[in-house]
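Quick notes on the structure that follows.
The values are calculated or read from the model by the stated rules, or taken from the named source; none is laboratory data. Computed from a prediction, not measured in an experiment: that's the story for all the values here. Please note: Cβ atoms are built from the backbone with ideal geometry, for glycine as well, and neighbour counts cover all protein chains shown. Areas reflect the complete protein model, heavy atoms only, side chains present, ligands, DNA and RNA absent. Shrake-Rupley method; radii C 1.70, N 1.55, O 1.52, S 1.80 Å.
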Amino acid sequence: MAENLDYKCPACGGTLEFDSATQKMKCPFCDSVFDVSALQQKDAVLDTQQADMGEQPQEDSFNWSDSATQEWNDNGMSVFVCKSCGGEIVADENTAATACPYCGNNTVLSGRLSGVLKPDFVIPFQLNKAQAKEKLKEYTAKRAFAPKSFKDENHLEEIKGIYVPFWLFDSNIHASVQYEGTRVRTWRDSKYQYTETSYYDIYRQGDMSFNNIPVDGSTKMPDDLMESIEPFDFSQAVDFQTAYLAGYLADKYDVGMEESIPRANERIKHSAEDTLRSTVQGYASVMPRFSSVQLLSGVSKYALYPVWILNTDYKGEKYTFAMNGQSGKFVGNLPIDKAKIIALFAGVAVGAGALAGVICKLLGLF
Amino acid sequence: MKKLLSISIVFLLILSLMIPAFASSKPLVVDNAELLSAQEEARITQRLQQASDKYNMDFVLVSTKTLDGKSIEAYADDYFDNNGYGIGRKGDRSGVLLLVYDDGTNQTRRHISTSGDGIKAFTDYGIQEAGKKLAALMDDGKWYEAGILFADICEKYAQAAEDGNPIDKPKEKKVALSIIVIIAAALVCAFLAVSVVKGKYKPVRFKSNATDYLVGGSLNVTGAYDNFRTTSVTRTPIQSNSSRGGSSTHTSSSGRTHGGGSF
């Protein structure tokens, strides 16, 4: 049987949660507040004391080493026992933190983030559920063409805070790009209008560095959605501690670092072209013709980034909204009300047609 | 005695005020080619004088047997300039001069020269239209009728110009084009609006680059060149402005701006 752990309040024994507003562990029952690192130290001390007293440690608090060989069953699902009520929690192999379906107790599934799977960094949630719900309401309220029934049926309560695994790539690169540029000059005499186009071969090479380019390491999260809520500010990242996961869902990566490299390379290449392009000035048009990028040095890291997610079904289609749990950037595709869009089409057509008619009349075309 | 003096000063002042009015009262009909009787000349003069007074322009009819070796346009312009025609500021003297050149052969040539406000009143199109009617009478030797018609035309054109609608080329009606323009504008704008809205409702997309994560100041350009390769020139004919209305102008030998046209 797999093991899970949760953080008990030293004051009342309730399960602690990570509070995004104070960036501390908070007991929802007695409102006691604990510093994340202090809690970790306390746990460590407790463990040592228990070991010294020759007792069997009651909680497998931070012993990650052998947990990768937990017994999985055939379909990748595992069973955990809730520390609070004893209920059995079934979770898939990538779930690292979840809530007990029986008592709602937040729990971190040990072993899922240990060993090589242990993240290097985590950006703790900066925005809480209430703020996420507010953002979603704002987002749909602003979009008048979404069907009213879609807005009404949104189950705001189901919005979930998830720590999404990301691979972060640091790189120093050397890039060289060839562009074709044009300059255009026009003049006229009494009979002709002349246009002179001059073509230039432009070349730029240079070095540049990128830090923490994120690539989504979870197949559950759509990659385009994760890139849409970027950027994440890595300066707020802290060394990973399991305690940050309390109260949220968390997944471990199921897309390896090697598999994530091509996407990072693609973005680096485009960035190099765009960045060197910004040093080419004084042309009417500039088109890249050839570019080559050499990686001088590259380092990858594994981090958990905070994302609020809401999945909804509407008329058989799945809509997923995501909010950057750090910056509050909210993104999601919305269905469009057919009747409203037809009304828009007709309205604009009539308006533009009438305006064109007035202009034609003023020009004396009819 | 003092009273008499002051009355005579007032009289002189009034007289002096009237001088500018007399100053522009050059003969409005100059029949050097002897096409009109004295009576006809007097009647035409009277009509032209009325029109000139009303619209503050000199409307002049001149006939000649010689052009002194100049083009008919140059002769008409110079006659207008050199004989002090035109009402208004110097260099912008308003007036219209109809020159009839009759060298005794069957063919007479005619030219209308315009200046100042006359240029605006007599557009290229207006001159051609007036020319057709005048030529028809003149070709029949009806010089008197032509003279009266000229006075009528001057009044009509000046009045139209004063109303802000000079006699000009009627704008071509392009109903079919209008319908196409209206439908195209309606469809293009509607599709544009719908696609903008659809785009706003599908904001989820991949980021093409990673410039958000470029380390500030890390760009170090180590090599660059901009080499000129080739050039190409294309030319497109400029649409002639024959379809447009308005008045074309030129500069006379005295440096003044004239409009006009021959017929």
Q | segment A:327-366, residues that are under 30 Å from A:Val122 (Cβ atoms), open to solvent by 20 Å² or more (accessible area, probe 1.4 Å) and either assigned to a strand (DSSP E or B) or more than 7 Å from chain B (Cβ to nearest Cβ) (or both) | A | A:Ser327, A:Lys329, A:Phe330
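Can you name the helices (runs of 4 or more DSSP H) wholly within segment B:66-156 that have at least 2 residues being of a type in the set (Phe, Trp, Tyr) and more than 24 Å from B:Gln50 (Cα to Cα)?
none
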(Q) Can you find, within segment A:190-216, the residue that is nearest to the chain's Cα centre (by Cα) among those that are open to solvent by 40 Å² or more (accessible area, probe 1.4 Å) and of a type in the set (D, E, K, R)? (A) A:Asp207
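Yes or no, residue by residue, for (1) within 24 Å of B:Ala42 (Cβ to Cβ); (2) among the hydrophobic types (A, V, I, L, M, F, W, C); (3) at pLDDT 90 or above; (4) open to solvent by 20 Å² or more (accessible area, probe 1.4 Å):
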site: B:Val60; (1), (2), (3), (4): yes, yes, yes, no
site: B:Lys70; (1), (2), (3), (4): no, no, no, yes
site: B:Asn83; (1), (2), (3), (4): yes, no, no, yes
site: B:Gly86; (1), (2), (3), (4): yes, no, no, no
site: B:Asp92; (1), (2), (3), (4): no, no, no, yes
site: B:Asp102; (1), (2), (3), (4): yes, no, no, yes
site: B:Asn106; (1), (2), (3), (4): no, no, no, yes
site: B:Phe122; (1), (2), (3), (4): no, yes, no, no
Q) Restricted to segment B:164-195, and to residues that are open to solvent by less than 90 Å² (accessible area, probe 1.4 Å), outside any helix (DSSP H, G or I) and more than 8 Å from chain A (Cβ to nearest Cβ), which residue is modelled with the lowest pLDDT? A) B:Pro170
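Do we find a residue being farther than 20 Å from A:Pro222 by Cα, in a loop (DSSP other than H, G, I, E, B) and more than 11 Å from chain B (Cβ to nearest Cβ) anywhere in segment A:283-296?
Start the filter on segment A:283-296 by keeping residues that are farther than 20 Å from A:Pro222 by Cα, which leaves A:283-296.
Narrowing further to those that are in a loop (DSSP other than H, G, I, E, B): A:283-284.
From what is left, the residues that are more than 11 Å from chain B (Cβ to nearest Cβ) are A:284.
The answer is yes; a qualifying residue exists.
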Q.
If B:Gly69 satisfies all but one of (1) free of Cβ contacts under 8 Å to residues at least 12 places away in the same chain; (2) under 18 Å from the mean Cα position of the chain (by Cα), what's the number of the condition it fails?
A. (2)
Q. Taking segment A:282-292, which residues are hydroxyl-bearing (Ser, Thr, Tyr) and open to solvent by less than 30 Å² (accessible area, probe 1.4 Å)?
A. A:Ser291, A:Ser292
Q | segment A:2-58: number of residues that are in a loop (DSSP other than H, G, I, E, B) and at pLDDT below 60 | A | 7
Q. Any residue at all in segment A:231-254 that is within 12 Å of A:Trp167 (Cβ to Cβ) and either modelled with pLDDT of 90 or more or touching an Asp or Glu at 6+ places or on another chain (Cβ under 7 Å) (or both)?
A. no
Q: Just one of (1) more than 7 Å from chain A (Cβ to nearest Cβ); (2) surrounded by 12 or more Cβ atoms within 10 Å (Cβ to Cβ) trips up B:Leu214, so point out which.
A: (1)
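Of the residues A:Asp224, A:Asp254, only one is surrounded by fewer than 16 Cβ atoms within 10 Å (Cβ to Cβ) and in contact with a Lys or Arg (Cβ under 7 Å, 6 or more places away or on another chain); which? Steps first, please.
Numbers: A:Asp254 fails: in contact with a Lys or Arg (Cβ under 7 Å, 6 or more places away or on another chain).
One residue alone meets the criteria, A:Asp224.
So is B:Gly223 without any contact (Cβ under 8 Å) to a residue 60 or more places away in the chain and either at the interface with chain A (Cβ under 10 Å from one of its Cβ atoms) or part of a strand (DSSP E or B) (or both) or not?
Numbers: without any contact (Cβ under 8 Å) to a residue 60 or more places away in the chain: yes; either at the interface with chain A (Cβ under 10 Å from one of its Cβ atoms) or part of a strand (DSSP E or B) (or both): yes.
Spelling it out, B:Gly223 is indeed without any contact (Cβ under 8 Å) to a residue 60 or more places away in the chain and either at the interface with chain A (Cβ under 10 Å from one of its Cβ atoms) or part of a strand (DSSP E or B) (or both).
Identify all residues within segment A:206-232 that are hydroxyl-bearing (Ser, Thr, Tyr) and within 7 Å of chain B (Cβ to nearest Cβ); write none if there are none. Let's see the steps before the verdict.
Within segment A:206-232, the first condition is being hydroxyl-bearing (Ser, Thr, Tyr), and the residues that meet it are A:209, A:218-219, A:228.
Within segment A:206-232, A:Ser209, A:Ser228 qualify.
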Q) So which of B:Asp152, B:Asp140 is more than 22 Å from B:Ser254 (Cβ to Cβ), open to solvent by 10 Å² or more (accessible area, probe 1.4 Å) and at pLDDT 90 or above? A) B:Asp152
Q: Could you pull out the residue among A:Gly161, A:Gly181 that is closer than 28 Å to B:Val215 by Cα and open to solvent by less than 10 Å² (accessible area, probe 1.4 Å)?
A: A:Gly181
Q: Being farther than 19 Å from A:Ala96 by Cβ and part of a helix (DSSP H, G or I) is the filter here, so list the residues in segment A:218-238 that pass it.
A: A:Asp223, A:Asp224, A:Leu225, A:Glu227, A:Ser228, A:Phe234, A:Ser235, A:Gln236
Q.
Whether any residue in segment B:246-262 is within 7 Å of chain A (Cβ to nearest Cβ) and surrounded by 11 or more Cβ atoms within 10 Å (Cβ to Cβ) is what I want to check.
A. no
Q.
For the structure I just gave you, tell me whether A:Thr279 is at pLDDT 90 or above and surrounded by fewer than 21 Cβ atoms within 10 Å (Cβ to Cβ).
A. yes
